[in-house]
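**Student:** Got a structure for you, questions after.
The values are calculated or read from the model by the stated rules, or taken from the named source; none is laboratory data. Quick caveat: nothing in here was measured; it's all calculated off a predicted structure. Heads up, the Cβs are rebuilt from the backbone with ideal geometry, glycines too, and the neighbour counts pull from every protein chain shown.
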Amino acid sequence: MAAQQSGDLVMYELRAREAWSQRDYRAARLLAASAVALAARAEDHRAWWNMTFLQAECLREEGHLDESLQSAEVLGTSSLSLESDALKARVHTLAAVCQQGLGHLDQAVDSATIAVKSAATVADAPELQIEAHHALIAALAESDRLDEAWSTCLDLSTHITPGIHTQTAGKAYWVIGNVAFMRHQVEDGTRFHRLAAEHLTPNNDLELWARFNRASASRRLAAGVVDAETLECIERAEVASSIVGGTERDQLQLSLTRAHWLFLTGQLNAAVERLRPICAEGTALSRQTEGEANLLLAQALSA
């Protein structure tokens, strides 16, 4: 019986990770839940931790940030997390991302700071350190603490070495470019986003490519960069998104980016037409982004 339970556990773990790799987050979450139950009965603490963490990641991707954060908090109190700086870094990085999305920015900064400090003690784990830095930079930037965010970007840049995965390097360049644009360092922002584009290729991950181009366009527009390269980013994101689909949040954010372009290029009626449904259905967006959408609609109507 024990051998059968062990075999079932491995099967559910493999199926959950396969569903995750296919971005079927609901299926991955349900399969992980079955694995969690089996791991708890078998007292396999490592499998329980890994599958609970995968559940939390799926909840985050599905937009259920409160539930994802609750799972992260449960994992943070587990003996495995308390004994491992690597697991502690992963949990606090996840918590920071959820807290930022929920608008709890001070808590997000605190969680991400713990993640960075924990990751720093783990040998030969550049990707873990980059993910933690990424979360801290995003929380600081969202909090308008741009000088601190830029200082953390400079620290992050020291972890980008030829040995790390190309996708991880691309995401690191991406977040550094974001902060540069927010600081109105347009030349630096453009340079780092071009580096990101070189590493985040559509052949490797089309959905990530779509998200990057949408985010790059959004940062450029926020910095007042209305040029052909910005429009290309929007169009690449729209084409990629039409293929891979994406979550409701992804679709709303992409539509908001196109609306921002329309507004800045003087196409006010088209911008309003885009913005009204975004503001009406914006509950899938983070609170900060929902606020930005409503502000842009007000500006378009006023203009």
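**Student:** Filter the range 59-92 for residues that are farther than 16 Å from residue 107 by Cβ and among the hydrophobic types (A, V, I, L, M, F, W, C); which is surrounded by the fewest Cβ atoms within 10 Å (Cβ to Cβ)?
**Tutor:** 82
**Student:** Condition test on residue 245, is it surrounded by fewer than 16 Cβ atoms within 10 Å (Cβ to Cβ) and in contact with an Asp or Glu (Cβ under 9 Å, 6 or more places away or on another chain)?
**Tutor:** yes
**Student:** Just name the residue that is surrounded by the fewest Cβ atoms within 10 Å (Cβ to Cβ) out of those in the range 192-232 that are of a type in the set (Gly, Ala, Ser) and closer than 20 Å to residue 288 by Cβ. Can you show your working first?
**Tutor:** From the range 192-232, those of a type in the set (Gly, Ala, Ser) are 196-197, 210, 215-218, 222-224, 228; that's our starting set.
This time we only want the ones that are closer than 20 Å to residue 288 by Cβ, so: 215-218, 222-224.
On the way: 215: 21, 216: 30, 217: 27, 218: 24, 222: 16, 223: 18, 224: 10.
This residue is 224.
This table checks each residue for (1) among the hydrophobic types (A, V, I, L, M, F, W, C); (2) within 26 Å of residue 204 (Cβ to Cβ).
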site	(1), (2)
118	no, no
136	yes, yes
139	yes, no
164	yes, yes
175	yes, yes
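**Student:** Can you work out which of the residues in the range 147-168 that are loosely packed, with under 14 Cβ neighbours inside 10 Å and over 19 Å from the mean Cα position of the chain (by Cα) is modelled with the highest pLDDT?
**Tutor:** Filtering the range 147-168 for residues that are loosely packed, with under 14 Cβ neighbours inside 10 Å and over 19 Å from the mean Cα position of the chain (by Cα), the one modelled with the highest pLDDT comes out as 147.
**Student:** Kindly check whether there is at least one residue in the range 277-294 that is among the charged types (D, E, K, R), farther than 18 Å from residue 23 by Cβ, surrounded by fewer than 20 Cβ atoms within 10 Å (Cβ to Cβ) and in contact with a His (Cβ under 9 Å, 6 or more places away or on another chain).
**Tutor:** yes
**Student:** Continuing with the same structure: Return the pairs, sorted by first residue and then second, in which the second residue is surrounded by 14 or more Cβ atoms within 10 Å (Cβ to Cβ) and at pLDDT 95 or above, the first residue lies in the range 4-33 and is assigned to a helix (DSSP H, G or I) and of a type in the set (Val, Ile, Thr), the beta carbons are less than 9 Å apart, and the residues are 6+ apart or on different chains.
**Tutor:** 10/35; 10/47
**Student:** Then there is this: Name the one entry in 214, 236 that is among the basic types (Lys, Arg) and under 16 Å from the mean Cα position of the chain (by Cα).
**Tutor:** 214
**Student:** Within the range 1-19, is there a residue that is surrounded by fewer than 19 Cβ atoms within 10 Å (Cβ to Cβ), among the small types (Gly, Ala, Ser), at pLDDT 95 or above and farther than 26 Å from residue 119 by Cβ?
**Tutor:** Among the residues of the range 1-19, not one is surrounded by fewer than 19 Cβ atoms within 10 Å (Cβ to Cβ), among the small types (Gly, Ala, Ser), at pLDDT 95 or above and farther than 26 Å from residue 119 by Cβ, which makes the answer no.
**Student:** Additional query: I need the full set of residues from the range 162-183 which are touching a helix residue (DSSP H, G or I) at 6+ places or on another chain (Cβ under 7 Å) and either part of a loop (DSSP other than H, G, I, E, B) or not assigned by TED's automatic domain parsing to the domain that holds residue 193 (or both), in order please.
**Tutor:** Hits for the range 162-183 are 164, 165, 183.
**Student:** If residue 159 satisfies all but one of (1) more than 23 Å from residue 88 (Cα to Cα); (2) outside any helix (DSSP H, G or I), what's the number of the condition it fails?
**Tutor:** Residue 159 satisfies all of (1) more than 23 Å from residue 88 (Cα to Cα); (2) outside any helix (DSSP H, G or I) except (1).
Okay, residues lined up against (1) under 18 Å from the mean Cα position of the chain (by Cα); (2) assigned by TED's automatic domain parsing to the domain that holds residue 170:
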| position | (1), (2) |
| --- | --- |
| 197 | yes, yes |
| 231 | no, yes |
| 272 | no, no |
| 300 | no, no |
